[in-house]
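*Asks:* My structure is below; once you've seen it, I'll send some questions.
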Amino acid sequence: MNRTTKIFLIVICLITFFANIGALPTDIMESRNIITAREMVSDGCWLVPTMNGELRLAKPPLPTWTGGVVELICPGSLAAQRIPAAIMATLWTLFTLLIARRLTRRNDFAVLTVVVMLTLYNMVLMGRSATWDIYCHAFMMGGIYFLIKGLHDANGSSVWGWLVGAGVLMGLSFLSKGPVSFYALLLPFLIALILWWRPASMKGKWLPVSACLLTTVVVGGAYYAWLVGYHMPELQQVAHQESGAWVNHNVRPWYYYWRFFLEGGAWAPFILAALAVPYWRKRLTANSGYLFAAGWMILQLVLLSLMPEKKMRYLLPMSPTVAMSVAFVLLWIIDHTRYGKAARIYVWTILGIFLVAELFLLKPIGALFGNPEAHSIALVKDDKRLKQIPFYHNSSEDLRIELVYEAGRKILPLNLKDSAQVAAKLPCAIVSRLPISEEMPEHVLKSVKTTDIGTFDDNKHPKSNRHYTKAFINHVTLLEPKP
């Protein structure tokens, strides 16, 4: 691969994942992760994460540790919190490039794979979000590449380096989001490897493979071994809740992902075309790797469809296999049909549209779909009256976690009907759905001095949008002892 091509790939990765990285608003997943990272720093507790003061053991800690380090360096910066995810997305792209090139020995195929992958909506969105998914899949893709090198290419002592390295990366994947990528990326890869890749000679490799497995367990499990020793009851409760969510939360029929190809946007027709395995099997050469890539993609789709809990964003780990499968189809059209020039123009047009949008249109798009009447509770961070003042909310009401993120501090529950509890917390600020006069009994109100700070609307959508909700409209009131 020549220098110009390398520079080109670096530039499109920088634009795809880093340009205007702070332009889009946060979502609930980002809010949770950043809150946890913020509390790690403010409370000084890095081993037992909390979210709004409550233990948060449901998610593996590696992305949150990264967020904590970022918070130490650049406190309160959303763009800085997103940079590690952008770096991981870039690494995922790099490992996909290396696997694609190893699969076909063709640089043009590898570059085409990257272009398709970087113009998939899910990939772009998650590569710009401070969430966990991108970490686990990036590490796993690196682990898969190291496995390929260790099992198929390396000899002698280098086998140990590749396979132990694979174990480290797969362990880091587990520390990022548990077994998700093992199921959605590694398992279908291993099945495809057995079915459609030439068999690897295992002579002298069983011990390094054992070391790979052991390394994965140690790196991925050491933290949880520590939790078992110190927080076993909480860990059991979390395990029960998470396993219950897999079977009871967002349950969809097995065919829910039938429209998965639509997530490919402009590449949807080519994704459908790539599924025509009997057709392409006759036309693509035996060593092209098409059967492996398409088989890997189809196996991912089948395995994800077997899970009761389904969301379209769970298709994210299919990004590299979809990109490789589409690249095979496109490359055949370019090389063997009279539509080759049109296919090239189509590819570069789609890439150009994405790059222009990421460079110039993200902020206008965000503003177009945003809430013009937004008046965020984030403004309380600049109110001098509320410096060092603890925040609480009515314990009888649910609190949206996004408000905790925007306010930049914990908002803990408080029984507003209990005058003794309220008196013990003064001075404090109360976040409530209704004005404080309608939230607190009269006998409690008489014992405190109230100052209305304001009414805040944290809806990220306009009133005409179905996602607009009163849960994001809240009053903030300062309570102080009466003189």
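The values are calculated or read from the model by the stated rules, or taken from the named source; none is laboratory data. Treat the numbers as computed from the prediction; the structure is a model and nothing was measured. Cβ coordinates were reconstructed from backbone atoms using ideal geometry, including for glycine residues, and neighbour counts include every protein chain displayed. With ligands, DNA and RNA removed, areas are computed over all heavy atoms of the protein, side chains included. Shrake-Rupley method; radii C 1.70, N 1.55, O 1.52, S 1.80 Å.
*Asks:* Which entry in (i) 47, 27, 19; (ii) 35, 27, 20; (iii) 50, 32, 25 is this structure's computed semi-axes √(5λ) of the Cα gyration tensor in Å?
*Replies:* (i)
*Asks:* Tilt of helix 62-73 relative to the longest C-alpha principal axis of the chain, in degrees (0 to 90, nearest 10)?
*Replies:* 60
*Asks:* Sequence-distant or interchain residues sharing an amide H contact under 5 Å with V448, placed H: which?
*Replies:* HN-HN under 5 Å from V448: empty list.
*Asks:* Along the charge dipole of the chain, which of G143, V164, A200 sits closest to the positive end, that is, farthest toward it, with unit charges on the beta carbon of Lys, Arg, Asp and Glu (+1, +1, -1, -1)?
*Replies:* A200
*Asks:* Let me ask you something else. Provide the net charge surrounding T337, with neighbours chosen by a C-beta distance below 13 Å and charges set as Lys +1, Arg +1, Asp -1, Glu -1. Present the calculation step by step, with values, prior to reporting the outcome.
*Replies:* Values: positive: R283, R338, K341, R344; negative: D335.
Counting the neighbours of T337, the net charge comes to +3.
*Asks:* To the nearest 0.05, how large is the calculated FRET efficiency for L379 and Y346 if R₀ is 51 Å and r is the Cβ-Cβ distance? Walk me through the intermediate numbers first.
*Replies:* Numbers: r = 47 Å, r/R0 = 0.92.
According to the calculation, E is roughly 0.65.
*Asks:* Using θ = phi - 60° and the Karplus form 6.51 cos²θ - 1.76 cosθ + 1.60, what ³J(HN,Hα) does each residue of the stretch 413-422 get, whole Hz, x for Gly and Pro?
*Replies:* Residue by residue, the stretch 413-422 yields x, 8, 6, 6, 8, 9, 5, 5, 5, 5 Hz.
*Asks:* Can you work out the PRE-style zone for H443? Point 7 Å along Cα to Cβ, and I want the residues of the stretch 375-418 with backbone N under 12 Å.
*Replies:* Answer for this model: 417-418.
*Asks:* Starting from 0.36 nm per residue, how many nanometres of slack lie between K282 and A222 once their C-alpha separation is accounted for? List each step's numbers first, then the result.
*Replies:* Details: separation 60, 0.36 × 60 = 21.60 nm, distance 4.86 nm.
Here the answer is 16.7 nm.
*Asks:* Only sites in a loop by DSSP and with at most 16 other Cβ atoms within 10 Å count here; which chymotrypsin sites (Phe, Trp or Tyr not before Pro) in the stretch 292-372 make the cut?
*Replies:* Working: sites: F292, W296, Y314, F328, W332, Y339, Y346, W348, F354, F360, F369; in loops: Y339, F369.
For chymotrypsin sites (Phe, Trp or Tyr not before Pro) across the stretch 292-372 that sit outside H, G, I, E and B with at most 16 neighbouring Cβ atoms in 10 Å, the list reads Y339, F369.
*Asks:* Of the listed pairs K149/K310; K177/K311; K59/K149, which have alpha-carbon separations greater than 25 Å here? Spell out each step's value before the answer.
*Replies:* Numbers: K149/K310 33 Å; K177/K311 16 Å; K59/K149 31 Å.
From the list (K149/K310; K177/K311; K59/K149), the Cα-Cα distance tops 25 Å for K149/K310; K59/K149.
*Asks:* When the accessible area of the chain is computed with all protein chains present and a 1.4 Å probe, what percentage of it is carbon and sulfur? Please list the in-between numbers first.
*Replies:* Values: 14540 of 22790 Å².
The nonpolar share, carbon plus sulfur, comes to 64 percent.
*Asks:* Separate question: In the stretch 438-483, which trypsin sites (Lys or Arg not before Pro) fall in coil by DSSP and have 11 or fewer other Cβ atoms within 10 Å?
*Replies:* Listed in order of number, the matching sites are K446, K463, R466.
*Asks:* Ordered by residue, what ³J(HN,Hα) values in Hz, to whole numbers, does the stretch 24-38 give under the Karplus form 6.51 cos²θ - 1.76 cosθ + 1.60, where θ = phi - 60° and Gly and Pro are x?
*Replies:* 7, x, 6, 10, 5, 5, 4, 4, 4, 5, 5, 4, 4, 4, 5
*Asks:* Here is a further query. Lys and Arg at +1, Asp and Glu at -1: add these up for the other residues within a Cβ distance under 13 Å of I134 and post the number. Intermediate values should be presented prior to the final figure.
*Replies:* Working: positive: R82, R128, K177, R313; negative: E30, D133.
Neighbourhood net charge equals +2.
*Asks:* Additional query: I'd like the Kirkwood hydrodynamic radius of the stretch 163-241, using the inverse of the mean 1/r over distinct C-alpha pairs, in Å.
*Replies:* Working: mean 1/r = 0.0701 Å⁻¹.
Here the Kirkwood hydrodynamic radius works out to 14.3 Å.
*Asks:* Using the Karplus curve 6.51 cos²θ - 1.76 cosθ + 1.60 with θ = phi - 60°, work out ³J(HN,Hα) for each residue of the stretch 144-155 in order, rounded to whole Hz, and write x for Gly and Pro.
*Replies:* Calculated HN-Hα couplings, in order: 5, 4, 5, 4, 4, 5, x, 7, 10, 10, 7, 9 Hz.
*Asks:* Also, quick follow-up: Using a Förster distance of 22 Å, how high is the FRET efficiency between R313 and Y183, based on the Cβ-Cβ distance and rounded to 0.05?
*Replies:* On the way: r = 15 Å, r/R0 = 0.70.
Given R0 = 22 Å and the Cβ-Cβ separation, E is 0.90.
*Asks:* Tell me what the chain gives for mean residue ellipticity at 222 nm when only DSSP H runs of n ≥ 4 count, each as -39,500 (n - 2.57), the sum divided by the residue total, rounded to 500 deg cm²/dmol.
*Replies:* Values: 21 runs with 271 residues, N = 483.
Roughly -17500 deg cm²/dmol at 222 nm, from the helical runs in the chain.
*Asks:* For the chain, the longest stretch holding no GluC sites (Glu not before Pro) located in a DSSP loop with at most 16 other Cβ atoms within 10 Å is which?
*Replies:* Working: sites that count: E373, E397.
It works out to 1-372.
*Asks:* Give, rounded to the nearest 20 debye, the magnitude of the charge dipole that the chain has about its Cα centre when Lys and Arg contribute +1 at Cβ and Asp and Glu contribute -1 at Cβ. Mind dumping the intermediate values first?
*Replies:* Values: 46 positive and 30 negative charges, 364 e Å.
The dipole magnitude comes to about 1740 debye.
*Asks:* Filter the chymotrypsin sites (Phe, Trp or Tyr not before Pro) in the stretch 421-478 down to the DSSP loop ones having no more than 14 other Cβ atoms within 10 Å, then list what survives. All intermediate terms of the calculation are to be shown ahead of the outcome.
*Replies:* Values: sites: F456, Y468, F472; in loops: Y468.
Answer in residue order: no site qualifies.
*Asks:* Another question, then. Return one whole number: the accessible area per residue of the chain in Å², for a 1.4 Å probe.
*Replies:* Values: 22790 Å² over 483 residues.
Dividing the accessible area of the chain by its residue count gives 47 Å².
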